[in-house]
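A.B. asks: So that we are looking at the same thing, I have put the structure below in structure tokens.
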Amino acid sequence: MGSDDSIACIRRWISECDSKHLTCRLGLVGDAIEVEPQMPTRVIDVTSFDGHQLPRLIDTRGLKGKYVAISHSWGTVVEPYTTTKNLASLKESIDFENMPKTFRDSVFIARKLGVQYVWIDSVCIIQDDYEDWKREAKTMGLVYEKAYLTISASDSSGDHAGFLTPNPSVEMDVSLPFQPGCPTSGHTYLRGQYTGVIDPRWTPISRRGWVLQERTLSRRILHFDSTQVHWECSQYRVSESGAIEDTTSNVNTSYFLGQNIKPLTGQNRGSGSSNHAERRKALRTLYHFYACKVHEFSDCKLTRSSDKLPAILGLGNEISRGTGIRCIEGHLFFEEPLFVYSLLWYTEMFSMEGSVIPDHVRAPSWSWAAMEGPRVFHLLGQDIEFERRIFLKIKSVLEVEALGSRPYSALVCFGRAIAGIKGDPSRPSNGFLGLVDHMPLHQDDEQFQPLKPPTFSYQILEAIDSKQHWPRRNVKGWVSFDSREFKPNDVFFIPVCAPLVGQEDTHPETTRGCLGLVVVKAHVSEQHEVSNITNSFKRVGFGGLYGTSWFDQRNEEEFILI
């Protein structure tokens, strides 16, 4: 794939994109990217395009220029490349022959394309300097967004495997005149195998958590898989074999996002700067886009569990930079009601693995990043166009003392926290919630046995009289805990939203009724008193009730969600 034919093909793609694709000059939220932008803190200077001079690591100090960014899998054996001990020597020169093969392949491609600078995370970030890593991680999204080109080692198992391999499947097997009898008409090449266009979501590297923001923010990507090289930009995906696919209508691309959230960016930033209906539509587009990205990201793997938030922080920061919408603990702090909708997340309930509590606390309980486990879904990801009654208001965000090794954000809320006791089968009344264990429809019939989801699931049932039997009581609602490790006895239900009165039947069945959070009182060591607010809660699950009349008259109060 590093043959002269492949390099010539790549150059044609770049030339056409440079000259014709105006949208490929724009960032995620539609802002223009300079042809030679300010480069990251450090880059590799490959200098000699004929390969006779060794590359070296340089401090850019605000230097502008074109650079290539690398998206790669480190592999199972990870050795820190740049450390405080070897930093000075790497600035003198980098031993090209002893670099991991993926790094050598990247330098080779950059030199062939005439690009002087290369950015590789493990080389350009000091691996044993936490402050340097933390500072660079915050701007990593910008690194990929500003890159002239991103090279993705899509099928490589690790840095020592490389990505430039012999590729017999796309060799030109037969050459025929394009127009018989006319030697100047050119030639048609018949190849031995047609492999189609790559779908980057299903490549081995896409399983790596950090790659999602790298792929989302990169404006142009060269994907090297085991068969050929592929090009991806805002206009199309095209393969070396000739397959092509239009990408301009793909809702998960930065091109689509930039075109559809213009009322939120540039001079339109601020709630009063654009038409209300247009702004509302743009906010919903952004909400859905980000919910999809969180869903994709949650299905990826991370070498270090503590990277859960840092690995997607670059994406959130770039959205914030363009729209002014803050990213807090993995959530975009939308205008109401979208932010409270984002609190109604849940993990894949029927996964055999289930969700677990991480060994160390890495996010507040209300954030989807708090749990370790299967894919994250947003309960109101698709049908946010429906109007709803909102029962929970977020008054402010507090930064409180260390959660694990860092400060974290707590939410000052105004709403209802309705007490309940697990195991009490009484009818919900007077602001009291009764929860009982989930039971099958026909307990003795094997074909109706429950699927036993990994979360602890409970049903809210109405009271029983002497003529009724256990399985036949009417269900008044449901509760699902985030993990099987949660076994609280004293719980509270915080209503979040419900359909407008009289419009329940117009909503999808999955989101009818009153949706809310299931919480427990925070331990005394975790509570944070603010002014006169003394109640602090932690999320342990979510749920729904099929009516709201029994708590509508209950008083609202301020409380903190940590």
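A.B. asks: Fully extended, how many nm does the chain gain between ARG12 and ILE244 (0.36 nm per residue separation, minus their Cα-Cα distance)? It would help to have the intermediate numbers written out before the result.
C.D. replies: Values: separation 232, 0.36 × 232 = 83.52 nm, distance 1.44 nm.
Stretched out fully, the ARG12 to ILE244 stretch lengthens by 82.1 nm.
A.B. asks: Sticking with this structure for a sec: Quick one: which residues, 5 or more positions from ARG220 or on another chain, have an amide H under 5 Å from its amide H? H modelled 1.01 Å from N in the peptide plane, none for Pro or chain starts.
C.D. replies: Placed amide hydrogens put THR150 under 5 Å from ARG220.
A.B. asks: Could you list, in their original order, any pairs among LYS20/LYS262; LYS91/LYS301; LYS20/LYS91; LYS66/LYS293; LYS20/LYS64 whose Cα atoms are separated by more than 26 Å? Each step should come with its number before you reach the end.
C.D. replies: On the way: LYS20/LYS262 22 Å; LYS91/LYS301 33 Å; LYS20/LYS91 38 Å; LYS66/LYS293 28 Å; LYS20/LYS64 23 Å.
Among LYS20/LYS262; LYS91/LYS301; LYS20/LYS91; LYS66/LYS293; LYS20/LYS64, the Cα-Cα distance tops 26 Å for LYS91/LYS301; LYS20/LYS91; LYS66/LYS293.
A.B. asks: Now for a separate question. Between LEU63 and ARG201, what is the spin-label point distance in nm, taking each point 7 Å from the Cα along the Cα→C-beta axis?
C.D. replies: 4.0 nm
A.B. asks: Moving on. Using amide H atoms built 1.01 Å from N in the peptide plane, name the residues 5+ places from VAL68, or on other chains, whose amide H lies under 5 Å from its own.
C.D. replies: Placed amide hydrogens put TYR117, VAL118, TRP119 under 5 Å from VAL68.
None of the figures in this text is laboratory data; all of them are computed from the coordinates on show. None of the values given here were measured: they were computed from a predicted structure. Here the Cβ is made from the backbone with ideal geometry for all residues, glycine too, and neighbour counts use every protein chain on show.
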